[in-house]
Each structure stands twice: as C-alpha cells, then as structure tokens.
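> Here's a structure for you.
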Amino acid sequence: MRFMLLFSRQGKLRLQKWYTATAERDKKKMVRELMQVVLARKPKMCSFLEWRDLKIVYKRYASLYFCCAVEEQDNELITLEVIHRFVELLDKYFGSVCELDIIFNFEKAYFILDEFLMGGEIQDTSKKGVLKAIEQADLLQEEDESPRSVLEEMGLA
Amino acid sequence: CPENEMIRVIRSARTQGEERGVIQRECAAIRAQFRQADSGGRSHNLAKLLYVHMLGYPAHFGQMECVRMIASPRYSEKRIGYLGAMMLLDEKQDASLLITNSIKNDLSHSSQYIQSLALCTLACMGSAEMCRDLAPEIERLLKASNSYIKKKAALCAVHIVRKIPELGELFTPSAHSLLSDKNHGVLHGAVVLITELCERNPGNLDEFRKAVPELVQIMKGLVTSGYSPEHNVAGISDPFLQVRVLRLLRILGRNNDEASDAMNDLLAQVATNTDSSKTAGSAVLYETVLTIMDIKSESGLRVLAVNILGRFLLNNDRNIRYISMTSLQKIVQTDHTAVQRHRGTIVDCLKDQDASVKRRALELSLALVSAANIRSMMKELLRFLSTCPPELRSHATSGIFNAAERYAPSQRWHIDTILHVLITAGGDVRDETVPNLIQLISVASELHCYTVHKLYRALISDISQQSLVQVACWCIGEYGDLLLKGDCDEIEPMQVTEDDVLDVLETILQSHMSSPTSRGFALTAIMKLSTRITNNIDRIRSVVSIYGSCIDVELQQRAVEYNALFKKYDHMRYLIMSSHTIILGIPMSKSTGFKLHSVVEGWSPQDILSVIMYKHTYTQSNFVVICVVPTILHSRYG
C-alpha cells in the first residue's frame, strides 16, 4: 500500500497516511487530484479504478471515503477487507463511529491505524488483538497523564 | 481537552479568511508555548499543531518540538511526538536524523508499547542512513522478544529491505524460522518479509523454496481448521494471511517444477473448497487463481482457475466482475481457448453501467475476436459503439478497424463496417487511420459506386465528423463520376447534381467546424471534379481562385497551384486530376511502335516529372506511373 486517505464528500481531508517517502507538494497535488476523481464516481460504480500507475481501492462509509493506493501486484479484494477491518476497529473503539469522532479525535484514529498497519502491511490479523493493544496503550497514557500529588512526586506515597 | 476547543473554533469559522485568522492566532500561541521550557500541556499543544497541519497549513516550526517530545520519558509525550515526526518530518530533513538516537534507545525500552512506537516510526519514515544504523537492532528483535514485538520487527525489516536491499542478508536466517511461530501476526509479518526478500534478491529463491512444505501446511491448517472466532472473516479463516501465503507460493513456484508440484494439491483444494459468497472468500480465490496461472501447474488446474474467473463474471458484485476481467486480460493470449468459452458473458459486460467494467470488457472482447466469430463479435462491437462512453470511443474505433482488417470475411463486409464506423462515430476515429481507410476503399473497386453514394449521403446530413469528412471528400473527388451517374445496385437511387456535390464541398471548405486537413481534402476533391464534370468548370475555377488568397497557408498554396493548372497548364490538368493510373509514353521509333493508353506528344521529360510531382503532392491519389522512355532519356534522367 502506498498511501491511505480518508475524506468527506465535501473534499475535506480527515486522515492521510503515506507509506512511501513523498515530497509535501507532491502529496498535496495527488490528494487534490485523487479526491476529485473519486468524488466524481457514481454510487453504483466499481470500487476499483486506475489512476496514474497505481490501483485505487475505495469505499464509502456514511459520509467518509476510505481510499487506498496499492501496487500492481496487490490484491484489490483483500484491500477492501483491510479497509473494512479498519472501519470495524474505529467503530468498536469509538462506539458507532461517525465523522465527528475522526475530526475531534484524529490522533486516536492515527494511533489505531498505526497499530493495525505498518509500512502499509497488516501487523495483526486479529481484530481483538489490535483493540487490546490500543486499550493497553491508552491505559499507559492515562497513568502517565494523571496528576500526581506532591507526596507521590517525591516518592513518599 | 484543549485541542477539541481549538477544533471547534476553527470549524465555526464561516469563511476561508476567518479560518486563516483563527489559525494564525492559534499558531502564534502554539509557538509561544513551544518556547517555554517546561509547560504542562505539551502533548495537547503538539496535537493542535498536527490538526492545523492536516488542514493544509504550514507547520514546520513544530519539527524540533517533535524531536524534544520523542526524547521525553513520558509515554503520552512520546506517543504524540512520534506521530508528529511521522506527519511533519520526512527523511529529507535534517531533523529526522536527530531522532535516530531516541529511536535506538526506545527500541530496547522495557515497555513494549514504547518499543512499538519506535518500530512504527522507523518503518514509516526511516531514511537509508537510519535503516543502516538500526538494522542490527531490528534483527535482534526478530529473534528475541515476544510476538507483539516480533511481528512489528518483521514489518520494520521489510521497510529496511526496501530502502537498502543488501541488508536483506541480515534478515534471511531469522525470516525462515519465524514461520514456525503460532501467532498469526508473526506469521503474516514473516510471509511479507520473505516475499520482500525474494522480490529484491532472486538469489534468495532457492533458499526459501525449502519453505514451501511449511507454507503448504500453514495454508492447509487455515483451510481445514474449524471455526476460529479470532481470525474468522465471513466464514474464511484469516483471509489476510491466506492471501499473503498464496502470493508467496506464487513467487516460489514460478519457473520451478518441483516447487509447483509441491503446491499443486493445496491449490486445487483451496480453489474447490473456498466459499466465494463474500468478498473475503473471493479475495482468497482470486489470489489462488493468480498463483495457479503463474506457476507451472497442470492443465486441469489451469482450467479450474479459468472457470473460477468465468464464475466471477456472473457474480452480482461488480467489483468481482471487474477483477475477473482484469485477470482474464492477463491470460487471454496464453490460454486463449479457455477464455473463449466465456466470451458470451464478457460481451454482456459491454452493457455494464460502470465505465471501468466497460473498458475491461472492450479490451477483452477485442482480444477474443477471431476468424470464426468475427461476424457476431462485430455486431456486438458496433452495438457497443453506439452507446459507448466518450473516453472509450477512439480506442473502440481503432480496435474495430484492426479487427475488421485482420478477419474481414468479405470485401463488402469490410467496406460496410468501415462505413458504419465512419458514419456513426467518425468524430472519434483517429486521424492517422484515414490514409489506411482510403487505401482499403480504393482497393475494393467493385464497391466504389456503393461507397461514394453512402458517404455522400452521410455527409449531407453531418459535416462535423472530421474523419468521415476526409474520407468522404476523397471518395467524392475520386469517384465523383459514379456519384453523379445516379444509380447504384445496392442503394435506392438518388439524384445528385453537380451543383449539389459542389455545394457540400464548398460548405465544408467554409465551415468553422472543418479542420485544416479536412479543408485540404475538400479543395482537392473540388479540383479533381474538374475532370469529371461537364457543366460547372467555371464554378470550380472561381472557388480555386478565391482560395488563392486564403489565410491558411497550406490551403492557399494548394489553391495557387490549382489556379496555375487552370491557367498555364490546362493540358496537364486532365492527366493530373484524373484516375489512378497514368501511363505516359514518349513514342519510340516507328520500328517498335506499340499502343499506349495515353500518348503525350511534344512533352519534355521535365513535363512528365512535373505531372508526377503534382499528382503526388496535390491529389492524395495513389497512382501508378508506367513510363516508357527511349534509353537515351533514361540514362540522362534516371
């Protein structure tokens, strides 16, 4: 997978993850172009299209488009399943996920994505496994952030 | 949470200008916070900046803050710091080198979640230098550690190998042993790593072919295992892992009989037993088909694979139909007969609503045309042409012409097909095909009358399609006499007067829709008619004289030469503008005396050369010159 984009019907980018080194201005150009192409697609059309030298796999979930660019030898059908798995993870984490969740908790969305995929490849094929890891990491973050009393700070309590 | 407040404020901005104002204020505040050495809300601050960056605003002033946060002992700060690094830094920036040390330390941290952050970031934006530096660490993690870290180390190794293929050597030994792990994440990572190692360095293939039996076992386990809730997707046990294993098997079995044999049974089993009612199963079947077709499989297995693709063509899910056609396209040359069996279904897909599916169906249909099916296929292709989306039309017309030329069952059929395409889609026929079409028409001599009549009738109702215009003009110029005679065997008669013909040609000359090439064709046709009509030579003379001062330089030059033909060289006009073949001969001595079709008395060799040049340049005719000249002249003029 070269990159994954999440964007709304109005063309607002909600998440972008790039798995190959790309210059900032090239990223901007590609995102703009690709969003236009995908947003022009009609509802009954196929989830796959060819764009530049890449294969694009996209799926719309409510108001968000999940869009991945994969290489020639990648399996488009399993990519659809990867997208679906990511949506399921978000859904379980946020409890019936909606676009606003992704907007206001964008860093959480990234943390989940980074626990699910690395270098564009799946890390853990078990949904439970990914969610458990995120839960533990969140716990660690909470412990870290919780205010400590003066005595605790001094190691006396 | 402070960043939520900022997000709310930004979203409530009513104009782009207002938003920019808010962003500017927020960025100023963030910058100020960055400068303060020890502020409590550092992670929130950076998170705000990352949001701003996501909206498209510049955020490079946050790069150093990311570096600082990554070095913090607190998990919450590391977490957002590493995220920031992945979003704001790329390998080209110097700042990215500064985090190498932090990553190195974090790779051996006691908390696996911190190790995880380091691995993820390295795999995301690690430069070649960083990779070289940290590769030994990754290799160590591949061997030691728990499955949580092992699976991440494997994918990190994949990134390293992509950046510096030679470092693959470092990971090759451990990669193989990872295949005996029970954890699916580790297995998946191992398979991806081995795939990468084989693709980057074919020298590794022999080594990893030894793993084929293990891979086959893994697949068997997945396919025959009972329901496993943790890995089940729509009735398939870990389709993600299955797909990757199948892909690796493909690479290992390619061009290798032994490896291909070892996986034959497994592939048959997967192909037969996998339920394709949902996408997960179809994904596995798809990968299986790709593998079967790419390795050295038995013919029975290949047929099985093509049949799966055929079944896919009938699937309700459009995605699966599309995938099927993509795969069929890849094998249509090598397994032509097998794919031909599904021709009917493929042709049906020409009617699909989706343009991508249509495009695939068109490519495949063209590839499946043969001498045996040309008539029925052409019917379908012409039907398709009438409802074809604009972006596919010129490809379709080219494909149709090629197919017609290769397999035309008769000349009449061929001409009819050409005419049909020109008349219904002439605007999409590529300019380069026009000379070829003219050539084909000129060779079909019994059909000249029919052809010129049909083209003339198409022309009088529509002069906007340039290729149609060009071919029609050429035919009218060349066979105008047949057009004017009125009757033709295969068409209802229609009275065409000299004025009618000149009217349409002049309309083309004057129309703003006509391209320069088309206007050239029209003018030449008018000129040629001067030798085929009787009553309107003056009209032709005046048209030609008007265009002598036309703005278009090429048209002007043409008209000037034609003018000259009328004025100074009228004796040559007939010869130049009339039919194909001119036979010129300078009479030999009386002793040889043989009959010639046209004898030009008193012409110099220069005259003859001029005629030939003119004819070549200005009439777009194909012609043959048979020249009989006395030997003396031959030796002098060659």
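The values are calculated or read from the model by the stated rules, or taken from the named source; none is laboratory data. From a predicted model like this one, the values you see are computed outputs, not experimental measurements. Backbone-built Cβ (ideal geometry, glycine too); neighbour counts: all protein chains shown.
> Of all residues in segment B:260-316, how many are among the hydroxyl-bearing types (Ser, Thr, Tyr), under 14 Å from residue B:243 (Cβ atoms) and either part of a helix (DSSP H, G or I) or modelled with pLDDT of 95 or more (or both)? Break it down into steps so the answer makes sense when it comes.
Within segment B:260-316, the first condition is being among the hydroxyl-bearing types (Ser, Thr, Tyr), and the residues that meet it are B:260, B:272, B:274, B:276-277, B:279, B:282, B:286, B:288, B:291, B:297, B:299.
Cutting the leftovers down to under 14 Å from residue B:243 (Cβ atoms) gives us B:274, B:276, B:279, B:282, B:286, B:288, B:291.
Checking which are either part of a helix (DSSP H, G or I) or modelled with pLDDT of 95 or more (or both) leaves us with B:279, B:282, B:286, B:288, B:291.
Adding up the residues that qualify gives 5.
> Quick check, is residue A:59 within 30 Å of residue B:289 (Cα to Cα) and not β-branched (Val, Ile, Thr)? Write out each step before concluding.
Numbers: within 30 Å of residue B:289 (Cα to Cα): yes; not β-branched (Val, Ile, Thr): yes.
Taking the combined requirement at face value, the residue satisfies it.
> Let me ask you something else. Any residue in segment B:229-245 that is within 14 Å of another protein chain (Cβ to nearest Cβ), β-branched (Val, Ile, Thr) and assigned to a helix (DSSP H, G or I)?
Within segment B:229-245, the first condition is being within 14 Å of another protein chain (Cβ to nearest Cβ), and the residues that meet it are B:229-245.
Filter once more, keeping what is β-branched (Val, Ile, Thr): B:233, B:236, B:243, B:245.
Now narrow it down to the ones that are assigned to a helix (DSSP H, G or I): B:243, B:245.
Yes, segment B:229-245 contains at least one residue that is within 14 Å of another protein chain (Cβ to nearest Cβ), β-branched (Val, Ile, Thr) and assigned to a helix (DSSP H, G or I).
> Please note which helices (runs of 4 or more DSSP H) are completely contained in segment B:118-180 and include at least 2 residues that are buried (at least 23 other Cβ atoms within 10 Å of the Cβ) and in contact with a Gly (Cβ under 7 Å, 6 or more places away or on another chain). Steps first, answer last, please.
On the way: elements: B:128-143, B:147-163, B:168-177.
Per the criteria, B:147-163.
> It is to be established whether one or more residues within segment A:49-72 are in contact with a Ser or Thr (Cβ under 9 Å, 6 or more places away or on another chain), free of Cβ contacts under 8 Å to residues at least 12 places away in the same chain, within 8 Å of chain B (Cβ to nearest Cβ) and surrounded by 13 or more Cβ atoms within 10 Å (Cβ to Cβ).
No - not one qualifying residue is present in segment A:49-72.
> Sticking with this one: For segment B:478-513, what are the residues that are among the hydroxyl-bearing types (Ser, Thr, Tyr) and buried (at least 20 other Cβ atoms within 10 Å of the Cβ)? Walk me through it before giving the result.
Of the residues in segment B:478-513, the ones among the hydroxyl-bearing types (Ser, Thr, Tyr) are B:479, B:497, B:507, B:511.
The one that is among the hydroxyl-bearing types (Ser, Thr, Tyr) and buried (at least 20 other Cβ atoms within 10 Å of the Cβ): B:479.
> Follow-up question, since we're still on this one. Looking only at residues that are of a type in the set (Asp, Glu) and either within 14 Å of chain A (Cβ to nearest Cβ) or within 14 Å of residue B:250 (Cβ to Cβ) (or both) in segment B:188-220, which one is farthest from the chain's Cα centre (by Cα)? Don't jump to the end; show me each part of the working.
From segment B:188-220, those of a type in the set (Asp, Glu) are B:196, B:199, B:206-207, B:214; that's our starting set.
Subset that is either within 14 Å of chain A (Cβ to nearest Cβ) or within 14 Å of residue B:250 (Cβ to Cβ) (or both): B:196, B:199.
Values: B:196: 27, B:199: 25 Å.
If we take residues in segment B:188-220 being of a type in the set (Asp, Glu) and either within 14 Å of chain A (Cβ to nearest Cβ) or within 14 Å of residue B:250 (Cβ to Cβ) (or both), then B:196 is farthest from the chain's Cα centre (by Cα).
> Picking from A:112, A:78, which residue would you name as being of a type in the set (A, V, I, L, M), assigned to a helix (DSSP H, G or I), free of Cβ contacts under 8 Å to residues at least 40 places away in the same chain and within 7 Å of chain B (Cβ to nearest Cβ)?
A:78
> A follow-up question, please. Being more than 17 Å from the chain's Cα centre (by Cα) and either more than 7 Å from chain B (Cβ to nearest Cβ) or touching a residue at least 12 places away in the same chain (Cβ under 8 Å) (or both) is the filter here, so list the residues in segment A:118-134 that pass it.
If the condition is that a residue be more than 17 Å from the chain's Cα centre (by Cα) and either more than 7 Å from chain B (Cβ to nearest Cβ) or touching a residue at least 12 places away in the same chain (Cβ under 8 Å) (or both), then A:132 is the only one that fits.
> What about residue B:168, is it at negative phi, more than 12 Å from every other protein chain (Cβ to nearest Cβ), among the small types (Gly, Ala, Ser) and within 35 Å of the chain's Cα centre (by Cα)? Walk me through it before giving the result.
Details: at negative phi: yes; more than 12 Å from every other protein chain (Cβ to nearest Cβ): yes; among the small types (Gly, Ala, Ser): yes; within 35 Å of the chain's Cα centre (by Cα): yes.
Yes: the conditions hold for residue B:168.
> Here is a list of conditions, (1) surrounded by fewer than 24 Cβ atoms within 10 Å (Cβ to Cβ); (2) within 9 Å of chain A (Cβ to nearest Cβ); (3) more than 21 Å from residue B:138 (Cβ to Cβ), and residue B:93 meets all of them except one; can you say which number that is?
(2)
> Test residue A:41 against the criterion of being more than 8 Å from chain B (Cβ to nearest Cβ) and either in contact with a Pro (Cβ under 6 Å, 6 or more places away or on another chain) or part of a loop (DSSP other than H, G, I, E, B) (or both), and give yes or no.
yes
> If you scan segment B:79-90, which residues turn out to be under 18 Å from residue B:42 (Cα atoms) and either more than 45 Å from the chain's Cα centre (by Cα) or more than 10 Å from every other protein chain (Cβ to nearest Cβ) (or both)? Step through it out loud before you land on a result.
Taking segment B:79-90 and keeping what is under 18 Å from residue B:42 (Cα atoms), we get B:79-88.
Scanning segment B:79-90 gives B:81, B:85.
> Another question, then. Take segment B:377-412 and flag every residue that is exposed (fewer than 13 other Cβ atoms within 10 Å of the Cβ) and among the hydroxyl-bearing types (Ser, Thr, Tyr).
First pass over segment B:377-412, keeping only residues exposed (fewer than 13 other Cβ atoms within 10 Å of the Cβ): B:379, B:386-387, B:389-391, B:406, B:409-410.
Within segment B:377-412, B:386, B:387, B:410 qualify.
> Only one of B:337, B:345 is among the β-branched types (Val, Ile, Thr), farther than 22 Å from residue B:277 by Cα and out of contact with any Lys or Arg (no Cβ under 7 Å at 6 or more places or on another chain); which? So that I can check it myself, show each step before the final result.
Working: B:345 fails: farther than 22 Å from residue B:277 by Cα.
Just a single option satisfies the conditions, and that option is B:337.
> Considering only residues that are touching a strand residue (DSSP E or B) at 6+ places or on another chain (Cβ under 9 Å) and not in a strand (DSSP E or B), look in segment A:115-124 and name the one that is surrounded by the most Cβ atoms within 10 Å (Cβ to Cβ).
Kept after step one, since they are touching a strand residue (DSSP E or B) at 6+ places or on another chain (Cβ under 9 Å), are these residues of segment A:115-124: A:116-117, A:120, A:123.
Cutting the leftovers down to not in a strand (DSSP E or B) gives us A:116, A:120, A:123.
Working: A:116: 22, A:120: 25, A:123: 27.
This residue is A:123.
> Any chance you could count how many residues in segment A:93-109 are touching a residue at least 12 places away in the same chain (Cβ under 8 Å), assigned to a loop (DSSP other than H, G, I, E, B) and either at the interface with another protein chain (Cβ under 8 Å from one of its Cβ atoms) or aliphatic (A, V, I, L, M) (or both)?
Total satisfying the criteria: 0.
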